[in-house]
Structure formats: structure tokens, C-alpha cells
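**Student:** This is the structure, below, for whatever I ask next.
The values are calculated or read from the model by the stated rules, or taken from the named source; none is laboratory data. Remember, predicted model here, so these are calculated numbers, not experimental data. Glycine gets a Cβ as well: all are built from the backbone with ideal geometry, and neighbour counts include every protein chain shown.
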Amino acid sequence: MMSDEGKEITLYRLHRGDLCMLSASCVLDAVTFDVFVDAEEDSQCCVVSGPAFAAVSRRNPDIRIFALETAVSRFSDVMWVMQQVLFMSMDKRLAIFLSDESARTGSDTIALTHGQIARYMGSAREVVSRMLKYFAGEGIVEVSRGGVTILDKKRLRDLAL
């Protein structure tokens with residue numbers, strides 16, 4: 001989502017095989033909003049028009065149910081992001097992000113720049129860099145160009161709690 005001033009926040013990220021149903025106004029007719037997509041690796045995307053989706057879902061209710069369930073799941077992701085941004089400290093948010101990213105990729109090395117992490121968290125790169133520097137000083141992570149390596153998972157998890 002992007003403000004008129006160009007400030008942005010990532011509401012959720014899609015990975016291989018994921019679907020973006022929140023952008024489908026054909027699923028939720030009363031909801032209209034702009035969607036911005038940032039593909040960070042080679043991707044293939046299929047865009048289904050509202051009328052085409054409506055026609056298919058009328059013929060097959062399972063498709064409509066799947067789409068609504070997917071939209072509800074993404075909405076839950078969005079609410080989690082809003083809860084973090086509004087109510088959590090930056091160190092806790094960053095600890096959660098790094099822990100989640102490590103679990104998702106199965107690696108202790110997070111191959112993202114400070115700018116990418118900041119965008120995903122809805123923060124400024126300078127704030128993320130400052131917090132990563134603090135984490136590094138505490139021996140929790142090691143920061144390198146284009147990546148962060150988790151050195152102490154237990155302390156990172158403790159910060160996330």
C-alpha cells in the first residue's frame with residue numbers, strides 16, 4: 001500500500017504458488033482499492049478479469065469458496081501487519097521478521113538488504129539499520145552487505161516474545 005506522499009508498507013508477501021485474492025475485486029464486490037505488486041524475482045502472473053472470475057465461480061461454488069477463504073487468510077495477514085505497526089516496538093517487530101524469514105527460508109542467513117527489510121516492515125531503512133547495528137552489537141546477528149545472519153536464535157526469539 002502506498003500513500004500519496006510515496007510512503008509504502010508491505011501488507012503481505014507472496015511466495016511460489018501463492019495467490020493474491022485481496023486484489024480481486026471480483027471476489028469482494030464492495031471493496032475497491034489500488035494494488036501495487038513488486039516482483040523481486042522472475043515471476044509468472046495470471047490476471048483473471050472480474051467478469052471471467054464471476055462467470056466461473058457461478059458455475060463452480062467451490063472456486064468462490066476457495067477465493068473467499070484465501071481472501072480471509074490474506075486479510076488476517078494484513079491485520080497482523082497493522083497490529084505490529086501500531087502496537088509493537090521496533091526491536092520486537094524486527095526480531096519477529098528475522099525469525100519468520102529464517103523459518104520460511106530454512107536458513108539463518110536472511111538475504112535481504114536493509115531497505116528491503118524496512119519496506120516489508122513498513123519502516124525506514126535508517127531505523128532498520130540502526131536496530132540491526134544494535135542487534136549485532138549484542139551478538140544476536142551479524143550484518144553483511146546484502147544480508148543478515150542470525151547468530152543467537154534464542155535471544156532473537158526472546159526479543160520477539
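**Student:** Out of all the residues in segment 39-61, which are surrounded by 10 or more Cβ atoms within 10 Å (Cβ to Cβ) and part of a loop (DSSP other than H, G, I, E, B)?
**Tutor:** Answer for segment 39-61, where residues must be surrounded by 10 or more Cβ atoms within 10 Å (Cβ to Cβ) and part of a loop (DSSP other than H, G, I, E, B): VAL48, SER49, ASN60.
**Student:** Please go through segment 13-62 and pick out each residue that is modelled with pLDDT of 75 or more and of a type in the set (Phe, Trp, Tyr).
**Tutor:** Of everything in segment 13-62, just one residue is modelled with pLDDT of 75 or more and of a type in the set (Phe, Trp, Tyr), namely PHE53.
**Student:** Return the only residue of THR149, THR113 being over 22 Å from LEU19 (Cα atoms), more than 19 Å from the chain's Cα centre (by Cα) and among the polar types (S, T, N, Q).
**Tutor:** When all the criteria are applied, what remains is THR149.
**Student:** Going by the conditions given, is GLN116 among the polar types (S, T, N, Q), at pLDDT below 95 and surrounded by fewer than 17 Cβ atoms within 10 Å (Cβ to Cβ)?
**Tutor:** Criteria not met by GLN116.
**Student:** Follow-up question, since we're still on this one. Which one of these is touching a helix residue (DSSP H, G or I) at 6+ places or on another chain (Cβ under 7 Å) and of a type in the set (Asp, Glu): GLU142, GLU126?
**Tutor:** So the residue among GLU142, GLU126 that is touching a helix residue (DSSP H, G or I) at 6+ places or on another chain (Cβ under 7 Å) and of a type in the set (Asp, Glu) is GLU142.
**Student:** Any residue at all in segment 82-92 that is among the charged types (D, E, K, R), under 14 Å from the mean Cα position of the chain (by Cα) and surrounded by 14 or more Cβ atoms within 10 Å (Cβ to Cβ)?
**Tutor:** No, the conditions are met nowhere in segment 82-92.
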